[in-house]
Amino acid sequence: MTRPVKTAIVVGAGIVGLTTACRLAEEGYAVTVIERDSGPGNGTSKGNAGQLLFDRIGAMGSASFLRGLPAALMDRSQGIRVHGLAYPSRWNWTRRFLRECTQEAWQKNTEGLLALAHLSRDAMQDFRSRHQMEIDWRRPGKLVTYATGKGLEAAARSANFQGQFGGRHEVLSYDECVSHEPALGQTERPIAGAVYLPDAEVGDCHKCCQELAGILQDKLGGAIRFKTPVTGLERDGSRVTGLRCGADVIRGDVFVLATGRATSGLLRSSFADIKPIVSILGISLTYPLGDAPPNLSVTDTSGRFVMVRLGDRLRVTGYAIFSDKLQARPADVQALQDKAQQLMPRAGAFDVAPDIWIGARPQTPDDLPMIGQAGAKNLFVNAGHGSLGWTLAFGSAEKLLRTMKTRAQTN
């Protein structure tokens, strides 16, 4: 006698939700994804920086972050705006975040992120070996530039700590930076040197979401219901029995919440491992390539922005704004373009109006996403990846799947 197929309902068709859905489908679940938008990856996943940094990521909360806040507040060109944390609704997040701004906490949280990133790198490679995807993927390497020698020395110390867990890096002078990336030869930005990451990858997260949606529906037998906002959960004792979507109720055997910032509103506050999530807005501008586009991914740390070539486009990404309002001021867009032109004047067709994206990165206080059981036997969460959703998505899906298998054996 064959066992009945279990149904899995995944809420959210961003990169985290879709990687989770595809892995569940590969494991034999009948999967339905519920998404409030009209297409896959149209929210935070749509216009992110495109970086895949599996060996050199770090938690945002750190002593250096706190030390840099006064300068950032005085210099709006850096794009960090923390005034939104003054609202009482964010005090709990802020209090917990400040506890993470020590060297010991940064090292602990960074080690956790790197472990998940390494799992994600392997899981992404495995998935791509099974399924063909066109996502503008490359492994060009990356430069992280610093305006001062002091900043470069501090960055080298952080890179050495991260290097204990794998990966390669080199500390380069300005001339060596230009040798690695000739597009920097005409820069007007201050560069004392850079940390070079030869193994850094890039890829288009939005294209990956579209590919995953097609794989789920066309190859793995799953379904996606777009334009279907979830308003709540129905429970019976220790189990979730359905999702309320307006007048409709969607039933299933297991439920996964992968809805970023909105996840906290669907979870019970009594869930022991729940973390507050706030939105940190980012802005990206996408241009046609210029006549001297970069090969490497480049981060300018003094201006806090990233430039990446994705296929035949140039992506410029910046800003960290604590706000829930998905809107960009024209002055912010212009400032980001100005910095990009200063760094690499011929990298993009800057005379063409860019495609503008504003995304709400779902940030937990310690930078570690919530992945696991979520207050009911058949309810799970995979959310809170901040600016690292693209890097961590495949590993997060794998980690959640392992948790679900363990829970199934004990329940």
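We did not get these values from a lab; they are worked out from the coordinates using the rules stated. Remember, predicted model here, so these are calculated numbers, not experimental data. Cβ atoms come from the backbone with ideal geometry, glycine included; neighbour counts cover every protein chain shown.
Considered as an equivalent ellipsoid built on the Cα gyration tensor, the stretch 7-410 has semi-axes of 35, 23, 20 Å, the largest given first.
Convex hull volume of the C-alpha atoms in the stretch 1-86, normalised per residue: 194 Å³. For the stretch 1-66 versus the stretch 335-389, the inter-centroid distance based on Cα atoms is 13 Å. Cα centroid separation, the stretch 203-234 to the stretch 305-332: 24 Å.
Note on LEU266, LEU18: ascending count of other Cβ atoms within 10 Å places them as LEU266, LEU18, the fewest first. Its relative contact order, with pairs defined as Cα atoms under 8 Å and 6+ residues apart, puts the stretch 7-410 at 27 percent.
For the pair ASP236 and MET133, a Förster radius of 41 Å applied to the C-beta separation gives a FRET efficiency near 0.55, rounded to the nearest 0.05. Look at ASP351, ASP367, ASP37 and count the other Cβ atoms within 10 Å of each Cβ; fewest to most, that gives ASP351, ASP37, ASP367.
Residue-normalised convex hull volume from the C-alpha trace of the stretch 55-100: 97 Å³ per residue.
Between GLU188 and GLN125, the contour length at 0.36 nm per residue exceeds the alpha carbon distance by 18.9 nm. Among TYR174, TYR87, TYR146, the order by Cβ neighbours within 10 angstrom, fewest to most, reads TYR87, TYR174, TYR146. Kindly provide the pair-distance distribution of the stretch 81-126 built from C-alpha pairs, with 5 Å bins from 0 and whole-percent values in order of increasing distance. All Cα pairs, binned at 5 Å, distribute as 5, 18, 16, 14, 14, 14, 10, 6, 1 percent. If the segment from SER38 to ALA86 were pulled out straight at 0.36 nm per residue, it would be longer than the present Cα-Cα gap by 13.9 nm. Relative to one another, the C-alpha centroids of the stretch 131-168 and the stretch 241-288 are positioned 31 Å apart.
The count of lysine pairs in the chain with alpha-carbon distances below 21 Å, taking only pairs 8 or more places apart or on different chains, stands at 18. Per the Debye formula on identical point scatterers at the alpha carbon atoms of the stretch 1-42, with no solvent, log10 I(q)/I(0) at q = 0.35 Å⁻¹ is -1.19.
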